[in-house]
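> Quick one: structure below, then a few questions.
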Amino acid sequence: MNVRLACSLALLLFGSPAVAADDFIDLRSIRAVNGDPDAVRNKLELCSACHGADGSSPVPMLPHLGGLSAEYQYWQLYEFKHAGRPESPMTAIIQTIDEKDLADYAAYYASHPPPAPAPLDESEPSPDLARGGNLYLRGDPDAGVPPCQGCHGANGEGHPLAAESPYYRTYPRLRGQHATYVAQRLRDFRDGKLGASSNDRIMESVARDLSDADIAAIAAWLQTGGY
């Protein structure tokens with residue numbers, strides 16, 4: 001099954017965009033995000049402590065932003081603002097930021113290079129990197145787990161069709177991302193804690209059959225760039 005067909009079939013789960021609920025964020029017909037990076041260069045204090053001034057996060061629980069598309073970042077910020085995640089400090093912070101600034105911040109961090117792969121913390125138990133690579137590239141048909149590369153690219157650098165449509169740019173680059181952050185996101189998707197957007201609901205179905213060990217293996221493989 002090719003990538004375009006696989007994604008189209010997944011999106012059939014959500015019906016027509018015209019019948020989306022008021023609190024549901026349907027990403028299938030979005031426009032490109034055209035923010036102005038220069039507009040927020042002097043307003044980075046709010047973001048840089050957690051995500052770095054260049055998008056390289058010093059905190060393993062928080063994502064690197066450099067190299068993530070403006071579309072992905074904008075719609076994540078939009079979700080914090082409009083759907084709310086009360087357990088996250090981002091939900092309160094984002095309420096004070098208008099839509100234009102959201103686009104500008106997204107464009108600013110998208111303009112920075114992505115993080116390089118990094119070794120794992122040697123003080124932590126080592127996940128099964130080979131298992132992580134197999135799951136990412138091939139999935140596990142017996143367990144009902146599809147390969148991650150279908151939407152995030154064979155090298156973890158984003159959707160293979162990202163150049164064709166802003167929608168496909170809402171699937172994030174994962175190569176070099178903090179393993180701690182990726183693992184927590186996958187657990188949250190698996191456990192049904194994130195469901196405000198059409199992409200969230202795709203990820204819920206993808207992650208629901210992953211074990212904690214599988215999640216740790218995928219996340220570690222991505223951080224280390226195990227290609």
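The values are calculated or read from the model by the stated rules, or taken from the named source; none is laboratory data. Just so it is clear, the model here is predicted, and its values are computed rather than measured. Cβ sites come from the backbone with ideal geometry, for glycine too, and all protein chains shown count toward neighbours. Areas reflect the complete protein model, heavy atoms only, side chains present, ligands, DNA and RNA absent. Shrake-Rupley method; radii C 1.70, N 1.55, O 1.52, S 1.80 Å.
> How far apart, in nm, are the 7 Å Cα→Cβ label points at Glu45 and Asp23?
Going by the 7 Å Cα→Cβ label model, 3.4 nm.
> Now for a different question. Could you put Asp188, Asp104, Asp142 in order of accessible surface area, largest first, with the 1.4 Å probe and the full protein assembly present?
Asp142, Asp188, Asp104
> May I pose another question? In whole Å, what are the extents of the chain along the principal axes defined by its C-alpha atoms, from largest to smallest?
47, 46, 33
> Highest mean first, what order results for 54-65, 167-178 on Cβ atoms within 10 Å?
Highest to lowest by the protection proxy: 167-178, 54-65.
> Now a separate question. What's the longest uninterrupted piece of the chain once you rule out the GluC sites (Glu not before Pro) that are loop residues per DSSP with at most 11 other Cβ within 10 Å?
Between exposed loop sites, the widest span is 1-86.
> While we're on this one: In whole percent, and with a 1.4 Å probe on the protein chains, what portion of the accessible area of the chain is carbon and sulfur? The partial results should precede the final answer.
Values: 6210 of 11340 Å².
For the chain, the apolar C and S fraction of the accessible surface comes to 55 percent.
> Related question: Per residue, how much accessible area does the chain have with a 1.4 Å probe, in Å²?
For the chain, the per-residue accessible area is 50 Å².
> At 222 nm, what value in deg cm²/dmol follows for the chain if DSSP H runs of at least 4 each add -39500 (n - 2.57) and the sum is divided by all its residues, to the nearest 500?
Only helices count here, giving -12000 deg cm²/dmol.
> While we're on this one: State which helices in the chain qualify, where a helix is a whole DSSP H run, it must extend 15 Å or more along its own axis by its Cα atoms, and its mean Kyte-Doolittle hydropathy must be at least 1.6. Provide the component values of the computation, followed by the final result.
Working: long enough: 70-82 (18 Å, -1.35); 99-110 (17 Å, -0.61); 179-190 (16 Å, -0.68); 212-224 (18 Å, 0.75).
Answer set is empty.
> May I have the extent of the alpha carbons of the stretch 100-187 along their three principal axes, as whole Å values ordered from largest to smallest?
Result, largest extent first: 42, 33, 21 Å.
> Using R₀ = 25 Å, calculate the FRET efficiency as 1/(1 + (r/R₀)^6) where r is the Cβ-Cβ separation of Ser126 and Ala53; round to 0.05.
0.20
> With r as the distance between the Cβ atoms of Met61 and Glu99 and R0 = 35 Å, compute the FRET efficiency 1/(1 + (r/R0)^6) and round to 0.05.
0.85
> Now a separate question. Residue separation times 0.36 nm, minus the C-alpha to C-alpha distance between Asp140 and Thr91: what's the value?
14.1 nm
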